[in-house]
Amino acid sequence: ITDSAGCVNQNLISSQDIYANPIPDINISVAPNPICVGDNATLLFSAPDGTSPYIVDYLVGGTPASINITGAGGNLPVSPTTTTTYTLNFVTDSKGCTSNLTDNATLIVNELPQVTLTSPAETCDGDVIQLQFNFTAGAAPWMINYDVNGNPPTIIPINNAIDSIAISPSATTTYT
């Protein structure tokens, strides 16, 4: 070592190892996908790089959220009522290394089918009347499962939001 005055010294300095920690990276996925309103799914956080545990900042449909992930990954149960995108923003690992993130996963949430059933309250023996189905939610084709007076059910497909089936009851009949 030589200083500015020209003095020279041979220090015995031991070598220094410096370990460069990897920049943390987290990926996100969701399963199952799609789901129906009222069902649950799981956000899956996988950590291919960095040192656990992790603190992950993310958005739930634009709303900030945070999760601590231990081990190689983490799971978070979710049950949104509408289709929701989960977007990763930032991660910090246990070594203090940080990274901006851009991965996202969209969970598709399908609405539950809704139908109203209408029919004439009375008819004459032998007349043909219509059981009218009016779907206000869900996606065609719909499968209608109904029984007549408690007998084994019948399943029929309906393709239109407003549709009907023809019936001709010969006695007082209950359609369920």
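The values are calculated or read from the model by the stated rules, or taken from the named source; none is laboratory data. Because the structure is a prediction, the values reported are computed rather than measured. With ideal geometry, Cβ positions are generated from the backbone for all residues, glycine too; neighbour counts draw on all protein chains shown. Quick note on the areas: whole protein, heavy atoms, side chains included, nothing else; ligands and nucleic acids left out. Shrake-Rupley method; radii C 1.70, N 1.55, O 1.52, S 1.80 Å.
Couple of notes before you dig in:
- Checking every residue in the stretch 55-66 against the condition of being open to solvent by less than 30 Å² (accessible area, probe 1.4 Å) and of a type outside the set (A, V, I, L, M, F, W, C) gives at least one match.
- In the stretch 1-26, of all residues being more than 30 Å from residue 51 (Cα to Cα), polar (S, T, N, Q) and open to solvent by 100 Å² or more (accessible area, probe 1.4 Å), the one that is modelled with the lowest pLDDT corresponds to 10.
- So residue 176, is it touching an Asp or Glu at 6+ places or on another chain (Cβ under 6 Å), exposed (fewer than 13 other Cβ atoms within 10 Å of the Cβ) and in contact (Cβ under 8 Å) with a residue 24 or more places away in the chain: yes
- Inside the stretch 107-136, residues that are surrounded by 13 or more Cβ atoms within 10 Å (Cβ to Cβ) and either of a type outside the set (A, V, I, L, M, F, W, C) or under 18 Å from residue 156 (Cα atoms) (or both) make up a count of 14.
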